[in-house]
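Please read the structure below before turning to the comments.
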Amino acid sequence: MLLFSLSALSQNTTSNSQGSDFWKRVRYGGGLGLSFGNGIFSATVAPSAIYDFNTQFSAGIALNYTYFNDDDFFRSTIIGGSLIGLYSPLREIQLSTEFEYMNVNRDFDDPIFADDNYWQPAVFFGIGYTTNNFTVGVRYNVLHDDEKSIYADALVPFVRVYF
């Protein structure tokens, strides 16, 4: 919504003869994940877009869909999104903050465990090394919950690629 609002504002404030540089400042990226083995399958699709305000500040949105299946235990569907802010004090260093909100649906095969459906928030602060469009780093979830988090640990490595 923020991205489209900025687009509409940019188009309204720019005359047609000058053109708009809004879309020139938008970069797209995301992630694809696939893992399987020994009765386990997982797939993730996570597109994202950021707007570069200048060479140091960017902000954007991301969507996430993950399906996980363990043949012997449970199935899980995770759907949600996030808002992300990026700051580069140096060209090679990227600091980030991200608010993520995911809906987790878990269906257990064993009746001992109760199926559940819940919303799981996460707030990450991260640091990464950037070269060209590629950033690799680590982020920390200050709201990590060992019982409900979709991540095994509060520290989560990441790779970001934006074009």
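The values are calculated or read from the model by the stated rules, or taken from the named source; none is laboratory data. Everything numeric here is computed off the predicted structure, so don't read it as measured data. Using ideal geometry, Cβ is built from the backbone for each residue, glycine included, and neighbour counts are taken over all protein chains shown. Accessible surface is based on the protein model in full, side chains and every heavy atom, while ligands, DNA and RNA are left aside. Shrake-Rupley method; radii C 1.70, N 1.55, O 1.52, S 1.80 Å.
So is PHE99 at pLDDT below 95, under 23 Å from ARG27 (Cβ atoms) and open to solvent by 70 Å² or more (accessible area, probe 1.4 Å) or not?
On the way: at pLDDT below 95: no; under 23 Å from ARG27 (Cβ atoms): yes; open to solvent by 70 Å² or more (accessible area, probe 1.4 Å): yes.
No: the conditions fail for PHE99.
Looking at THR135, THR130, THR77, can you tell me which residue is touching a strand residue (DSSP E or B) at 6+ places or on another chain (Cβ under 9 Å), open to solvent by 30 Å² or more (accessible area, probe 1.4 Å), outside any loop (DSSP other than H, G, I, E, B) and not charged (D, E, K, R)? So that I can check it myself, show each step before the final result.
Details: THR135 fails: open to solvent by 30 Å² or more (accessible area, probe 1.4 Å); THR130 fails: open to solvent by 30 Å² or more (accessible area, probe 1.4 Å).
Unique residue meeting the criteria: THR77.
Looking at LEU63, LEU90 in this structure, which one is under 15 Å from the mean Cα position of the chain (by Cα) and open to solvent by 90 Å² or more (accessible area, probe 1.4 Å)?
Working: LEU90 fails: under 15 Å from the mean Cα position of the chain (by Cα).
None of the others qualify; the one that does is LEU63.
Let me confirm something: among VAL45, VAL26, which residue is modelled with pLDDT of 95 or more, crowded, with 16+ Cβ neighbours inside 10 Å and farther than 15 Å from SER96 by Cα?
Details: VAL45 fails: crowded, with 16+ Cβ neighbours inside 10 Å.
Going through VAL45, VAL26 in turn, just one is modelled with pLDDT of 95 or more, crowded, with 16+ Cβ neighbours inside 10 Å and farther than 15 Å from SER96 by Cα: VAL26.
Please work out which residue is most open to solvent (accessible area, probe 1.4 Å), limiting yourself to the stretch 138-152 and to residues that are of a type outside the set (S, T, N, Q) and at pLDDT 95 or above.
The first filter runs over the stretch 138-152 and keeps only residues of a type outside the set (S, T, N, Q), leaving 138-140, 142-148, 150-152.
Now restrict to residues that are at pLDDT 95 or above: 138-140, 142-144.
Numbers: VAL138: 59, ARG139: 27, TYR140: 110, VAL142: 76, LEU143: 79, HIS144: 49 Å².
If we take residues in the stretch 138-152 being of a type outside the set (S, T, N, Q) and at pLDDT 95 or above, then TYR140 is most open to solvent (accessible area, probe 1.4 Å).
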